[in-house]
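Remarks on the structure that follows.
The values are calculated or read from the model by the stated rules, or taken from the named source; none is laboratory data. Note that the structure is predicted; figures quoted are calculated from it, not measured. Quick reminder, even Gly has a Cβ in these numbers, built from the backbone with ideal geometry, and neighbours come from all protein chains shown.
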Amino acid sequence: MAPLASFQSGILAPPKKSPGRPTGGWLRHSGLRLSSGLGLVALLVGCSPKPPAATDTSPGKTRVVVQLDWIPEPEHGGFFQAQARGWFAAAGLEVELLPGGANTFGPQKVATSQAHIGQADSTTTLLAIAEGLPLVHVGAVFQNDPSVLMLHADNPVTRFEDLDGKTLMARPEWVFLGYLKQKYKVTVNVIPQNFQVGNFIADKDFIQQGFYIAEPFHIIRGGAQPPKFLYVWDAGFDAYTALYANRAWTRDHGQQLRAFLSAYAAGWRDYLQGDPAPGQVALKVANPNNTDDFLAWSRQKIIDERLVGGRDASPAGDLTRAGRIEASRFAVQIATLEELGLVSPGKLTPDTVMTTEFLP
């Protein structure tokens, strides 16, 4: 096991508060609409720190900077388990795991080489690519993005059609909101997401966007009953939680990217099927707000819902599929964005937004 101090390299001090978390892709971390993406890239280029070097000073090691979408939690277990087991180092890589959070702007950082690899909901990353950011999807964190609408168990809403006229707390930029309106012909009032669960606990009629592997733990700890969910994939909106990379870096460091993805997939298999202790310890070092109870609960949700292997896999989950992405899935997502008028027809194709070349 690598020294615990190694996990703090490049990791910012964790926030003092935890329970809430952004949901719904990379836009969940910004107050900006996607139309500002290219201008923000120019801004980041002008004022950003020096981009990470392709190689580190450690002899024979290639530096790989990974921008996480949120503060370290079990959804990042594959990264931290591979790091703790020393598998990145054994592959000749010196990996830095940078925490996300509000105003992280992960795709812009990867686009401007402040990081090499990032994590996000694939539909919103597709929008970033459509705006010209030089990114490409190279793998998956989860086969199904775990974004849901959370409701109290006794809420009479049971179908998406029942949401007509209701008020939701969600990211106003969440692509699913437009999809919901178009498919089900419903009108909803949107309260901007505050990334906390206090309103939900206090109001039995409250409906809120969330990650069902995170917020429900804090809802239950706050004294409420376990919430029920409307799963966005049941509406036909089925994004990945994806890994994307800087396109030029991918072209120039294919061997290193292949080694990274192989170690990462092994990290997920070991974290979910083996002894998760190394990854759990590393997650607590990186984010002291992680309690043993939360880590165990969230990891079990990832297992139960087969997020890494896919819901269409065996009940136990086919973890040989860890990291996999498919052109057919991206074709559906692109078609959805075109139907919503968010992307011009033909602007994106699977072969221009993703590659399976580097997957193990």
Breaking point among (1) over 18 Å from Asp145 (Cβ atoms); (2) assigned by TED's automatic domain parsing to the domain that holds Gly254; (3) surrounded by 12 or more Cβ atoms within 10 Å (Cβ to Cβ), for Ser344: (3)
Residue within segment 219-235 that is assigned to a loop (DSSP other than H, G, I, E, B), farther than 26 Å from Leu307 by Cβ and not assigned by TED's automatic domain parsing to the domain that holds Gly78 present: yes
Selection count, segment 252-269, where residues are in contact with a helix residue (DSSP H, G or I) (Cβ under 8 Å, 6 or more places away or on another chain) and either closer than 10 Å to Gly78 by Cα or free of Cβ contacts under 8 Å to residues at least 40 places away in the same chain (or both): 7
Number of the exception - Gln255 against (1) outside the structural domain of Glu161 (by TED's automatic domain parsing); (2) of a type in the set (S, T, N, Q); (3) closer than 30 Å to Ile191 by Cβ: (3)
Some residue of segment 116-129 being touching a strand residue (DSSP E or B) at 6+ places or on another chain (Cβ under 7 Å), crowded, with 22+ Cβ neighbours inside 10 Å, at pLDDT 95 or above and in a loop (DSSP other than H, G, I, E, B): yes
Residue within segment 176-189 that is in contact with a Lys or Arg (Cβ under 6 Å, 6 or more places away or on another chain) and either over 24 Å from Gly101 (Cα atoms) or assigned to a loop (DSSP other than H, G, I, E, B) (or both) present: yes
Subset tally (residues that are under 22 Å from Gln255 (Cα atoms) and in contact with a Phe, Trp or Tyr (Cβ under 7 Å, 6 or more places away or on another chain)) for segment 92-106: 3
Candidate set from segment 215-246 (those that are crowded, with 18+ Cβ neighbours inside 10 Å and of a type in the set (D, E, K, R)); member that is nearest to Asn199 (Cα to Cα): Glu215
Subset of segment 190-218 [more than 19 Å from Trp297 (Cα to Cα), touching a strand residue (DSSP E or B) at 6+ places or on another chain (Cβ under 6 Å) and part of a strand (DSSP E or B)]: Val190, Ile191, Gln208, Gln209
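Table: residues versus (1) small (Gly, Ala, Ser); (2) assigned by TED's automatic domain parsing to the domain that holds Ala259; (3) without any contact (Cβ under 8 Å) to a residue 12 or more places away in the chain; (4) under 30 Å from Asn246 (Cβ atoms).
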position: Asp121; (1), (2), (3), (4): no, yes, no, yes
position: Thr124; (1), (2), (3), (4): no, yes, no, yes
position: Ile129; (1), (2), (3), (4): no, yes, no, yes
position: Val141; (1), (2), (3), (4): no, yes, no, yes
position: Leu151; (1), (2), (3), (4): no, no, no, no
position: Arg171; (1), (2), (3), (4): no, no, no, yes
position: Trp174; (1), (2), (3), (4): no, no, no, yes
Test for Asp69: is it touching an Asp or Glu at 6+ places or on another chain (Cβ under 6 Å), among the charged types (D, E, K, R) and either surrounded by 14 or more Cβ atoms within 10 Å (Cβ to Cβ) or modelled with pLDDT under 95 (or both): no
Residue that is surrounded by the fewest Cβ atoms within 10 Å (Cβ to Cβ) [pool: residues in segment 314-338 that are closer than 17 Å to Ala128 by Cα and more than 21 Å from the chain's Cα centre (by Cα)]: Ala335
Residue check, Ile325 closer than 18 Å to Tyr240 by Cα, of a type in the set (A, V, I, L, M) and assigned to a helix (DSSP H, G or I): no
